[in-house]
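Quick note: the coordinates plus some simple rules give every number you see, no bench work behind them. As the structure is a prediction and not an experimental result, all values here were calculated from the model. Counting neighbours? That spans all protein chains shown, and the Cβs are built from the backbone with ideal geometry, glycine included.
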Amino acid sequence: MKTRITELFGVEHPIMQGGMHYVGFAELAAAVSNAGGVGIITGLTQRTPELLAKEIARCKEMTDKPFGVNLTFLPSVTPPDYPGYVKAIIEGGVKIVETAGNNPQKWLPALKDAGIKVVHKCTSVRHALKAEAIGCDAVSVDGFECGGHPGEDDVPNFILLPRAAEELKIPFLASGGMADGRSLVAALALGADGMNMGTRFIATKEAPVHENVKQAIVAASELDTRLVMRPLRNTERVLVNAGVERLLEKERTLGANLKFEDIFNEVAGVYPKIMTEGDMDAGAWSCGMVAGLIHDIPTCKDLIDRIMAQANGIIRERLAGMV
Ligand SMILES: Cc1cc2nc3c(=O)[nH]c(=O)nc-3n(C[C@H](O)[C@H](O)[C@H](O)COP(=O)(O)O)c2cc1C
């Protein structure tokens, strides 16, 4: 399949793996890229720029295909060493960067000078247009159903993607709720040039996370995610568990008085406990409603081959047969 996204990134299939905290290590990024998609290492999961440089080098040992690094800009009291991370990306020879969380304008000149393609992930048409205006090469448009931070507008992809198509000139990926060949064809029909998946890629053989996490996704239905931190305007879609129930109870009880300190135990430092130790009730971890469409744990290659075969089948047989 050839789209503006396969052309932009020089890859075989219009499928990207979004950055995921404590999931997007070199093993997963390399497996996705080797399967013809765009694999992404999560920059901030590496505690220092030096460790990110090592992770990039490790990924290069596992694939000679294009892969990228996610840089998430979070509001924080002591910000991470972003200049150091950008330097590690450029010196590591990475050619694709996924930015998210906040406007990446400050970092674009350095990234573009190094010949890096920047895809900005955002949750609204206005932020997508801003990304286009400041010179991003593409955007990933994350609908309300997505795992992670869906923003505060709550517009699902059936509306958000065609709205993005109406306004954008640069290529864009549909993100949030994507799982299979049906998702890909639907995304293309709504005007996208490819799709980005998070949750689906966690339930793969190569995802270097605890088996409990993969099993929890397979066991979950589309009814099993919750929105947390809404009162703090930092909404996150997570898989329900005992820690999340505790957190939601605090949100209900404290109402408008809720502060981040009140829920610290349920959100801070949770990822290593979940992803590495498999302690599934430790607290809130991102997961999309798409869990309801995930029923197995294939290799990344089997998953991507299956998606492309199904997508081609739908276009050539089911849809062509209707017209
Ligand atoms: C466990 C997990 C961790 C994530 N961590 C990040 C992150 O650190 N930075 C980021 O930009 N997006 C993050 N995301 C969002 C994904 O990159 C992607 O946009 C999202 O999962 C797409 O929705 P889907 O899960 O329905 O496919 C995370 C998602 C999940 C499921």
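Just check segment 53-158 against the gyration tensor rule for me: Cα atoms, a ≥ b ≥ c as the square roots of the eigenvalues, rounded for a/c under 1.5, and otherwise prolate or oblate depending on whether a/b exceeds b/c.
Details: a/c = 1.71, a/b = 1.61, b/c = 1.07.
The shape class here is prolate.
Could you compute the net charge surrounding residue 68? Neighbours are other residues with a C-beta less than 10 Å from the C-beta of residue 68; K and R count +1, D and E count -1.
Details: positive: 95, 117; negative: 98.
Taking every Cβ under 10 Å from that of residue 68, the sum is +1.
In segment 126-144, which residues have a backbone nitrogen under 19 Å from the label point lying 7 Å from residue 230's Cα in the Cα-to-Cβ direction?
The answer is 143-144, whose backbone nitrogens lie closer than 19 Å to the label point.
Going down the list 54/205; 117/205; 54/259; 60/259; 65/112, which pairs span over 31 Å between their C-alpha atoms? Walk me through the numbers before you get to the answer.
Working: 54/205 23 Å; 117/205 28 Å; 54/259 37 Å; 60/259 42 Å; 65/112 20 Å.
Where the Cα-Cα span goes over 31 Å, the pairs concerned are 54/259; 60/259.
Starting from the Cα of residue 211, step 7 Å along the direction of its Cβ; do the same at residue 77; then give the gap between the two resulting points in nm.
In this crude spin-label approximation the distance works out to 4.1 nm.
Considering the chain as a Gaussian network with a 10 Å cut-off on Cα pairs, which listed residue, 194, 39, 313, attains the greatest mean-square fluctuation?
Of 194, 39, 313, the most mobile in the Gaussian network model is 313.
What shape does the chain have by the C-alpha gyration tensor, where a ≥ b ≥ c are the square roots of the eigenvalues, rounded means a/c under 1.5, and otherwise prolate means a/b greater than b/c and oblate the rest?
Taking the square roots of the gyration eigenvalues as a ≥ b ≥ c, the chain is rounded.
Which of the trypsin sites (Lys or Arg not before Pro) found in segment 230-323 are loop residues per DSSP with 11 or fewer other Cβ atoms within 10 Å of their Cβ?
Numbers: sites: 233, 237, 246, 250, 252, 259, 273, 301, 306, 316, 318; in loops: 233, 259.
In loop regions of segment 230-323 (DSSP not H, G, I, E or B), the sparsely surrounded trypsin sites (Lys or Arg not before Pro) are 233, 259.
Give, in nm to one decimal, the length gained when the segment between residue 3 and residue 50 is fully stretched (0.36 nm per residue of separation minus the Cα-Cα distance). Before the final figure, lay out each step's value.
Working: separation 47, 0.36 × 47 = 16.92 nm, distance 3.52 nm.
Between residue 3 and residue 50, full extension yields 13.4 nm more.
Rounded, prolate or oblate: pick one for segment 162-271, where a ≥ b ≥ c are the square roots of the eigenvalues of its C-alpha gyration tensor, a/c under 1.5 means rounded, and failing that, prolate if a/b is larger than b/c, else oblate. Write down the numbers at each step before the final one.
On the way: a/c = 2.66, a/b = 1.49, b/c = 1.79.
It is oblate, given that a/c is not under 1.5 and a/b is not larger than b/c.
Connecting C-alpha atoms closer than 10 Å in a GNM of the chain, tell me which of 13, 120, 210 has the biggest fluctuation.
Checking each option, the largest mean-square fluctuation is seen for 210.
Could I have the simple spin-label model distance between residue 221 and residue 64, label points 7 Å from Cα toward Cβ, reported in nm to one decimal?
Result for the modelled spin labels: 4.9 nm.
Just to be sure I understand: with springs between alpha-carbon atoms less than 10 Å apart, which residue in 153, 137, 180 has the highest mean-square fluctuation in the Gaussian network model of the chain?
153
Based on alpha-carbon centroids, what's the gap between segment 244-323 and segment 139-161 in Å, whole number please?
Centre-to-centre (Cα) distance: 14 Å.
Less than 9 Å Cβ to Cβ from residue 251, Lys/Arg counted +1 and Asp/Glu -1: what total charge do the surrounding residues give? Spell out each step's value before the answer.
Details: positive: 230, 250, 252; negative: 249, 262.
After counting each charged neighbour, the total is +1.
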